[in-house]
């Protein structure tokens with residue numbers, strides 16, 4: 001499973017940073033707002049599937065290419 005820092009790196013390259021908000025950073029990607037934890041830990045599999053499907057609207061392969 002990816003780590004929060006992997007998601008942040010993807011969004012730094014492919015999205016737009018909006019602001020720091022508490023313990024999350026906020027990005028805009030494909031017109032959607034995506035909140036990224038500042039944790040350095042791994043993203044649990046169920047949450048990761050939800051992020052890909054409902055927030056990023058991409059596949060795991062698209063994510064990997066964007067890194």
*Taking the stretch 29-40 only, how many residues are in a loop (DSSP other than H, G, I, E, B), closer than 18 Å to residue 58 by Cα and in contact (Cβ under 8 Å) with a residue 12 or more places away in the chain?*
1
*Tell me, please, whether a residue that is in a helix (DSSP H, G or I), surrounded by 17 or more Cβ atoms within 10 Å (Cβ to Cβ), modelled with pLDDT of 95 or more and out of contact with any strand residue (DSSP E or B) (no Cβ under 9 Å at 6 or more places or on another chain) can be found in the stretch 53-66.*
yes
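Within the stretch 41-52, restricting attention to residues that are in a loop (DSSP other than H, G, I, E, B) and in contact with a strand residue (DSSP E or B) (Cβ under 9 Å, 6 or more places away or on another chain), which residue is surrounded by the fewest Cβ atoms within 10 Å (Cβ to Cβ)? Working first, answer last.
Within the stretch 41-52, the first condition is being in a loop (DSSP other than H, G, I, E, B), and the residues that meet it are 41, 43-44.
After this cut, where a residue has to be in contact with a strand residue (DSSP E or B) (Cβ under 9 Å, 6 or more places away or on another chain) as well, the list is 41, 43.
Working: 41: 10, 43: 19.
Applying the filter and picking the extreme gives 41.
Would you tally the residues in the stretch 41-52 being in contact (Cβ under 8 Å) with a residue 40 or more places away in the chain and more than 11 Å from the chain's Cα centre (by Cα)? Can you show your working first?
If we filter the stretch 41-52 for residues that are in contact (Cβ under 8 Å) with a residue 40 or more places away in the chain, which is where we start, we get 42-45, 48, 51.
Those still in the list that are more than 11 Å from the chain's Cα centre (by Cα) too: 42, 44-45.
Qualifying residue count for the region: 3.
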*Six or more apart or on different chains, Cβ under 7 Å: which pairs go from a residue in the stretch 1-28 that's surrounded by fewer than 13 Cβ atoms within 10 Å (Cβ to Cβ) to one that's part of a loop (DSSP other than H, G, I, E, B) and modelled with pLDDT under 95? Could you list them?*
23/38
*asked:* For the stretch 1-18, which positions are part of a strand (DSSP E or B) and either in contact with a helix residue (DSSP H, G or I) (Cβ under 8 Å, 6 or more places away or on another chain) or at pLDDT below 95 (or both)?
replied: 17
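The values are calculated or read from the model by the stated rules, or taken from the named source; none is laboratory data. Bear in mind that the values here come from a model prediction, so they are computed numbers and not experimental data. Note that each Cβ is placed from the backbone with ideal geometry, even for glycine, and that neighbours are counted across all protein chains shown.
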